[in-house]
Amino acid sequence: MVQGLWSTLLLGFLMGIKHAFEPDHVVAVTTIASRSNRWYRSSLAGIFWGIGHTATLFVVGLLLIVLKGQISEKWALSLEFLVGIMLVYLGWTGIRSYQPMHSPRASYEKSLLVGFVHGLSGSAAMVLLTMTTVQTVVEGALYILIFGMGTVAGMFAFSTCIGIPFVMTSRNQSIHHVLTRVAALLSTVYGLYYMYSTFVSEGLWRMWI
């Protein structure tokens, strides 16, 4: 039984790493990391994103598990739509101001907030996954935490790697300008696509009528 639990937690950790590389996560953190002019700031941006993501998943997910509740499809899709809005906002602010963030605190706070939103939008799926994987509330709490540790590890690795070209070109304003604008434009375009997909393709508009 103990061995089975450890296997489940290991699977949760690996799934957390995989989850960190979801396109909307990658796009958001890339946009934030592109504003860093120090390598360690890019790495910490990924860590703070993972902390925010895990905190929301843990609080909301565990609350729903204990209360045996669930998030309706309408609200789950609404939260996904919010992610699209957030991506457009990140991209637009990046396009308007491409200068590196000289305040680490501002970068970390933004990463934490983005992680909160991503965690909130993923709570419904996380609860379903947890309830089909474990049997008790304690095991559920452990699973969500281990899953969260996986997302932190995955995003740390990604933000460290993606930060390399931005940090290396931080002294060459012309090249850095182009790379930062490309990242910001990607966030804007993907955010608009995400909003359209959620609102139109998945039928969110019908649920609010």
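Using the Karplus relation 6.51 cos²θ - 1.76 cosθ + 1.60 with θ = phi - 60°, the per-residue 3J(HN,Hα) values for segment 78-91 come to 5, 5, 5, 4, 4, 4, x, 4, 4, 5, 5, 4, 4, x Hz, with x marking Gly and Pro. Helix 104-121 axis versus longest C-alpha principal axis of the chain: approximately 40°, rounded to the nearest ten.
Under 16 Å of direct C-alpha separation, and excluding same-chain neighbours fewer than eight residues apart, Lys68 reaches these aspartates and glutamates: Glu139. A cut-off of 5 Å between modelled amide H atoms, ignoring neighbours fewer than 5 places along the same chain, links Ser36 with Met101. Ranking Val152, Gly84, Gly163 by Cα position along the charge dipole of segment 57-172, where only Lys, Arg, Asp and Glu carry charges on their C-beta atoms, puts Gly163 farthest toward the positive end. Straight Cα distances below 16 angstrom link Lys74 to the aspartates and glutamates Glu202, with same-chain residues fewer than 8 positions distant left out. Comparing Ala141, Tyr40, Leu129 along the charge dipole axis of the chain, the residue lying farthest to the positive side is Tyr40, per the Cβ-charge model. Where only DSSP H runs of four or more residues are counted, the chain gives -28000 deg cm²/dmol as its mean residue ellipticity at 222 nm, each run worth -39500 (n - 2.57). The angle between the Cα long axis of helix 2-20 and the longest principal axis of the Cα atoms of the chain comes to about 30 degrees, rounded to the nearest 10.
Bear in mind these aren't lab numbers, they're just calculated from the coordinates by the rules spelled out. Source: prediction; values computed, not measured. Here the Cβ is made from the backbone with ideal geometry for all residues, glycine too, and neighbour counts use every protein chain on show.
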